[in-house]
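Written below as structure tokens is the structure these notes are about.
The values are calculated or read from the model by the stated rules, or taken from the named source; none is laboratory data. Here the structure is a predicted model, which means the values were calculated and not measured. Here the Cβ positions follow ideal geometry from the backbone for every residue, glycine too, while neighbour counts run over all protein chains shown. We work out accessible area using only protein heavy atoms, side chains counted, and drop any ligands, DNA or RNA first. Shrake-Rupley method; radii C 1.70, N 1.55, O 1.52, S 1.80 Å.
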Amino acid sequence: MASFKLGLRFCCPLPKYVLVLLLFGIAAALPAIAQEQVSPPANDSPPANQQSEQRGGITEGDFQPLIDLIQSVIDSDSWEDAGGEGSLMAYPAGVHVDTSDVRRNTRPQTHQQKRAFESQLHAALRKISLRRLLHEVSQTTTLGLPLESSMKNMAGVYKIQYVIVDQKDNDIVLAGPGGPWKMDSAGNAINRKTGAPVLQLDDLLVCLKNALMPSEERGKFGCTIVPRQKSLAAASKFLTTTKLTGKRWADELRDLVGRQDVEVTGIEPNSHAAAVIVEADLLMKMIGMGKEPSIAAVPDYFDRIAGQDKTGQRDSLVRWWFTVDLKSISMDADRNLFEISGPTVKLLSENEHLNALGQRLHLGQSDAATEGFARDFTDHFSQMSQKYLVFAKLRNIFDLALVAGVIGQFELDQRVGLSDVLERHFQASSGAGESGATGAYWPAALPFFSDVESIVNYRRVSFSKGGKRYRQQLVAVSGGVEFDFDEAVAKSTRIERSQSAFPNVRAASPARDAWWWD
């Protein structure tokens, strides 16, 4: 009897009985397929050595008809390339079924296949060797090959909890939860179970450069979206003299305010990290001004002032900006093990006064509506991140920036001899890019837009004062994103603990060719 192997990997949230029926049908069809594979035409018999090779069973290409059949009988929306969670691929040496509550694993044939398979398993604590990861990246880049998905997505880790100095191997190990990921419709790698975006190698390198390279902005970065002074002066004059109302008023004001300048400091403006912080800042302001939908627990600014007896002045500007809210950093006495609690993202607020010259004068305080939006946004940041993924990506940037800050402040890279390795990658940022000499990888540059349409909105507000009724039209917003490692640490709790007080995060590393492990 001919021998055969079934090597399909099936990952889809289908009822078990559906999977059983599918696998039963596949098993019923396999003998015929196997017979076809091992029974060449009588008049064209291959040599004996080729016959023995064919008896190994079905090759990867032979699974495509089965894959096409299964995908054709299941709702197309169920599959990953259509926005669902299902995936189906050729998989050597056995059957693997993943229905989120059932899993039976078989040993892959090669180490590379085994690692690719294991990266799709959930892990409460996944560890990444920084030295080995950078070595793999350099080797791949030197060969002129694209980085593997597991490298770019940091083995599916979506949060760093621990930074560990491995003195034995002169290494820095990063540890946190990880697991299988998929690509959403926008091309973001997200964890299949939690929906959280996974950490990105490109962002880690950008944050490490910011934390380690000598600079006045070392450990600091951010962005601002700033109205132009001349435009604000013209808008201020318009608000005090115009007799326009309604849409004509709004259109004229929008034209006068014009575009706002986007400024990025501390990191490359054309990096993915910069794109994330700018997008998060812009979206937050749009939500605050009622131009994008919020969630019920976070009303926008205009909803907050509706029905109030008094509002801010006409020439008052709203300012909101993101910063990091680090809870604590714990470490052992030898500074070999660090635990980062948080970070959480915090939104701060302030009202500004606009004078006749268009100058923004900081008031150092916020009115109730401005401060209330910032407070509620902070308190419900997780829910906002579920509605808008970019806020979760902003949290990832802060997470990696804190890791980089710990490495920089305590000179961990110098202690384990990683400074030169990292510097080669940093130097590639000057223009060498992914094809840098000696495998020095640096993320490809992304488009950068130095200005955006002004974020303006208006609403008529009626209130009474001194027996008279007033109607007031409110506009504008500014702000940005600010990360300052020293300031974050200064505001956090610094805890020193013995190594025995930490969870078991010092598990022995695997074979030397593995750059991550569970």
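Before moving on, here are some points about what is shown:
- Each residue of the stretch 268-282 was assigned a 3J(HN,Hα) from its phi angle through the Karplus expression (A = 6.51, B = -1.76, C = 1.60, θ = phi - 60°), giving 5, x, 9, 8, 5, 4, 5, 4, 5, 5, 5, 5, 5, 5, 5 Hz with x at Gly and Pro.
- Solvent-accessible area of LEU143 with every protein chain in place, 1.4 Å probe, in Å² to the nearest 10: 130
- Here the dipole of the stretch 132-221 is about 280 debye; that uses its Cα centre as origin and unit charges on the Cβ of Lys and Arg (positive) and Asp and Glu (negative).
- Of LYS247/LYS393; LYS220/LYS291; LYS168/LYS393; LYS152/LYS220; LYS152/LYS327; LYS220/LYS285, pairs whose Cα-Cα distance is over 32 Å: LYS247/LYS393; LYS168/LYS393
- Contour excess over end-to-end distance, with Cα ends at GLN499 and PHE238 and 0.36 nm allotted per residue: 87.5 nm
- Between amide H atoms placed 1.01 Å from N, distances below 5 Å from ALA196 occur with ASN191, all of them 5 or more places distant or on a separate chain.
- Annotation: amide H-H contacts under 5 Å for LEU337 (H modelled 1.01 Å from N, sequence separation of 5 or more, or interchain): VAL165, ASP332.
- From most to least packed by mean Cβ count within 10 Å, the peptides 268-278, 408-418 give 268-278, 408-418.
- Calculated FRET efficiency, ARG259 to ALA445, Cβ-Cβ distance, R0 = 22 Å: about 0.45 to the nearest 0.05.
- The slack between ASP169 and ILE295, meaning 0.36 nm per residue of separation minus the straight C-alpha distance, is 40.5 nm.
- Cut-off under 5 Å, modelled amide H: who pairs with VAL157 long-range: GLY179, LEU199
- Projecting label points 7 angstrom from Cα along Cα→Cβ for ARG248 and ALA186 puts them 3.9 nm apart.
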